[in-house]
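What follows is a short report on a single structure.
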Amino acid sequence: MTKRPLHPRSLAAQAMGKIDPLTKAVVPPIHVATTYIRDADNAYSSGFVYGRPDNETVHEAQAVLAMLEEAKAGALLFGSGMAAATAVFQALSPGDHVVASKVMYWALRAWLLTEATRWGLKIEFVETDDLAALKAAVKPGITKLIWAETPSNPLWTITDIAAAAEIAHAAGAKLAVDSTCASPVHTRPLTLGADIVMHAATKVLNGHSDVVAGALCASEDDEFWGRVKTVRKMQGGILGPFEAYLLMRGMRTLHLRQERQSASAMALAQKLSAHPLVSRVLYPGLPQHPGHDIAARQMQGGFGYMLSIQVSGGEQAAVAAAARVELYKRATSLGGVESLIEHRASIEGAGSPCPPDLLRLSTGIEDVEDLYADLDQALKAGHG
Ligand code: PLP
């Protein structure tokens with residue numbers, strides 16, 4: 001690689017420029033070994049001991065993500081986004097107080113309310129986009145973690161990361177940010193003061209709906225990050241080498257995909273705002289979105305690939321519109337090259353802050369006019 005400083009997109013395109021020393025292959029081999037030879041003196045001079053904690057393909061993918069997130073203490077890959085997120089909470093101690101976003105990925109909220117609570121964590125949910133409410137919920141010396149998802153799924157509320165970090169640190173707590181829907185292309189939470197950033201790498205980081213993976217990145221190699229590393233190593237929620245290879249291949253095109261997807265999401269949000277059968281569009285790129293000003297400050301180059309619409313005519317009209325799409329795929333998940341549509345309330349169930357007339361749209365890389373035309377026909381078909 002050149003000695004000149006390179007942009008993240010250049011480093012990502014070449015997966016950090018690593019060339020296989022044996023064959024000079026531009027794509028490094030996938031390392032599948034579960035164990036490594038010990039030296040005659042019983043040491044492990046290679047630094048690789050056993051496949052659970054140590055795998056070179058996983059290390060290579062971690063290096064790309066750490067570079068993208070500007071993570072001084074590095075990145076750790078996990079077997080899913082949930083495995084990554086729960087490792088942060090498992091690194092806390094029973095009795096610790098946690099303040100978490102009220103609007104967040106529903107399965108993590110469910111896990112916090114059940115398993116984490118059972119294990120002795122005290123979880124309090126607040127609108128983390130409301131800084132006064134966040135400040136009021138944090139107990140100095142007692143709160144150990146603020147968990148904020150931004151933009152938050154599926155309402156796309158925006159938490160001010162720098163302000164939340166200040167509140168956390170003043171109270172002696174850490175700030176962890178689920179940045180799945182921003183991606184490092186648009187936001188790098190660690191540079192804004194967050195301590196840990198989490199990704200469901202299943203989504204736009206991989207981008208092809210063919211890998212389930214999770215990731216954590218940290219700014220400081222401190223005692224807490226050491227605990228997180230121990231949880232991963234000892235509980236074994238690791239990513240396999242084939243998945244790590246696919247994730248690395250996905251990250252080579254992250255910037256291209258993310259830019260196209262965010263530009264299309266913006267265009268769709270603008271056009272759907274004027275649609276007669278859409279009562280509301282939720283997208284942080286729209287000036288009328290309550291989090292727009294903060295998003296404009298902490299998101300660069302776009303506002304992400306996710307938006308939601310509320311359908312005039314209520315829940316039944318929303319479910320019926322989703323049933324009529326032809327190009328969009330009616331499926332859960334997000335961030336892939338193919339656009340997805342989902343009626344969220346029926347997935348999230350009781351206790352969800354998701355309105356019943358809401359359809360969540362994950363924007364892929366298809367032609368944006370085709371995407372709009374598909375939504376338009378699906379919305380209008382039931383209206384004579
Ligand atoms: N965080 C967000 C914002 C998500 O959307 C998801 C999954 O949809 C997760 C976390 C969990 O990731 P995974 O499904 O890889 O466990």
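May I ask you to verify whether Leu77 is within 14 Å of the chain's Cα centre (by Cα), within 16 Å of the ligand (Cβ to nearest atom), surrounded by 23 or more Cβ atoms within 10 Å (Cβ to Cβ) and not in a helix (DSSP H, G or I)? Against the criterion (within 14 Å of the chain's Cα centre (by Cα), within 16 Å of the ligand (Cβ to nearest atom), surrounded by 23 or more Cβ atoms within 10 Å (Cβ to Cβ) and not in a helix (DSSP H, G or I)), Leu77 qualifies. Tell me, yes or no, whether region 296-314 has at least one residue that is surrounded by fewer than 21 Cβ atoms within 10 Å (Cβ to Cβ) and of a type in the set (A, V, I, L, M). Yes, region 296-314 contains at least one residue that is surrounded by fewer than 21 Cβ atoms within 10 Å (Cβ to Cβ) and of a type in the set (A, V, I, L, M).
Just wondering, is there one or more residues in region 257-267 that are within 13 Å of the ligand (Cβ to nearest atom) and surrounded by 24 or more Cβ atoms within 10 Å (Cβ to Cβ)? No.
Across region 192-214, the qualifying residues are those that are open to solvent by 20 Å² or more (accessible area, probe 1.4 Å) and assigned to a loop (DSSP other than H, G, I, E, B), and the one among them that is farthest from the ligand (Cβ to nearest atom) is Gly193.
Being closer than 28 Å to Lys203 by Cβ, part of a helix (DSSP H, G or I), touching a residue at least 24 places away in the same chain (Cβ under 8 Å) and away from the ligand (no atom under 16 Å from the Cβ) is the requirement here; does Leu92 meet it? In short, no.
For every residue, the table says whether it meets (1) open to solvent by 50 Å² or more (accessible area, probe 1.4 Å); (2) in contact (Cβ under 8 Å) with a residue 12 or more places away in the chain; (3) in the same structural domain as Phe303 (by TED's automatic domain parsing); (4) in contact with a strand residue (DSSP E or B) (Cβ under 9 Å, 6 or more places away or on another chain).
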{"position": "Ala100", "(1), (2), (3), (4)": "no, yes, no, yes"}
{"position": "Val103", "(1), (2), (3), (4)": "no, yes, no, yes"}
{"position": "Gly120", "(1), (2), (3), (4)": "no, yes, no, no"}
{"position": "Glu127", "(1), (2), (3), (4)": "yes, yes, no, yes"}
{"position": "Leu131", "(1), (2), (3), (4)": "yes, yes, no, no"}
{"position": "Ile146", "(1), (2), (3), (4)": "no, yes, no, yes"}
{"position": "Pro154", "(1), (2), (3), (4)": "no, yes, no, yes"}
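In region 63-74, the qualifying residues are those that are open to solvent by 10 Å² or more (accessible area, probe 1.4 Å) and part of a helix (DSSP H, G or I), and the one that is nearest to the ligand (Cβ to nearest atom) is Ala66.
Region 272-384 holds strands (runs of 3 or more DSSP E) entirely within its bounds, and those carrying 2 or more residues that are within 16 Å of the ligand (Cβ to nearest atom) map to 306-311, 340-343, 358-362. Scanning region 215-246 for residues that are in a loop (DSSP other than H, G, I, E, B) and open to solvent by less than 60 Å² (accessible area, probe 1.4 Å) yields Ser219, Asp222, Gly236, Gly237, Ile238, Leu239, Gly240. A Cβ distance below 9 Å, combined with a sequence gap of six or more or placement on separate chains, defines the contacts here; from region 31-44, residues that are among the aliphatic types (A, V, I, L, M) reach residues that are open to solvent by 90 Å² or more (accessible area, probe 1.4 Å) in the pairs Val32/Phe242.
The values are calculated or read from the model by the stated rules, or taken from the named source; none is laboratory data. Predicted, not measured: the structure shown is a model, and the values here were computed from it. Neighbour counts are summed over all protein chains in view; Cβ atoms, including those assigned to glycine, are modelled from backbone coordinates with ideal geometry. In case anyone asks, the SASA skips ligands and DNA or RNA and just uses the protein heavy atoms, side chains included. Shrake-Rupley method; radii C 1.70, N 1.55, O 1.52, S 1.80 Å.
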